[in-house]
Amino acid sequence: MSGVGVAILKQSGEYVFGTNTFIDKLDIHDLDKLDYQFDVSLGEGTYVIKTALFGKDEAEIVAHDGRGIRFVVSNKDSIEWGGVAYLKHEWKK
């Protein structure tokens with residue numbers, strides 16, 4: 001195994017985000033454990049996070065979790081907004 005990938009999709013199949021150790025230029029050859037953390041502000045909805053293990057490059061998929069892990073995002077904040085992701089922003093006059 002030479003690479004690990006992570007992807008987030010909406011339940012509808014819309015690709016929200018994805019990366020892997022090849023893109024991030026992380027050599028994992030001698031690792032027996034790898035943690036992955038991220039911050040994200042997703043819009044309300046149902047999402048799936050999927051992972052994959054790669055061989056020599058991204059084209060060689062050694063294993064993947066086809067169904068992924070399903071999770072639901074609901075807005076409990078007082079901030080109202082729409083879309084797939086929240087972008088930190090401000091208005092200036």
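Listing for the model above:
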| quantity | calculated |
| --- | --- |
| Matching residues in region 39-93 - criterion: being charged (D, E, K, R) and surrounded by 15 or more Cβ atoms within 10 Å (Cβ to Cβ) | LYS50, GLU58 |
| ILE79 vs. criteria of a type in the set (A, V, I, L, M, F, W, C) and farther than 18 Å from GLY3 by Cα | yes |
| Hits in region 1-13 - residues which are open to solvent by 90 Å² or more (accessible area, probe 1.4 Å) and either among the aromatic types (Phe, Trp, Tyr) or more than 17 Å from ARG67 (Cβ to Cβ) (or both) | MET1 |
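The values are calculated or read from the model by the stated rules, or taken from the named source; none is laboratory data. A quick note: this is a predicted structure, and the numbers were derived from the prediction, not measured. Don't worry about glycine lacking a Cβ; one is built from the backbone with ideal geometry, like all the others, and counts go over all protein chains shown. These accessible areas exclude ligands, DNA and RNA; they are computed on the full protein's heavy atoms, side chains included. Shrake-Rupley method; radii C 1.70, N 1.55, O 1.52, S 1.80 Å.
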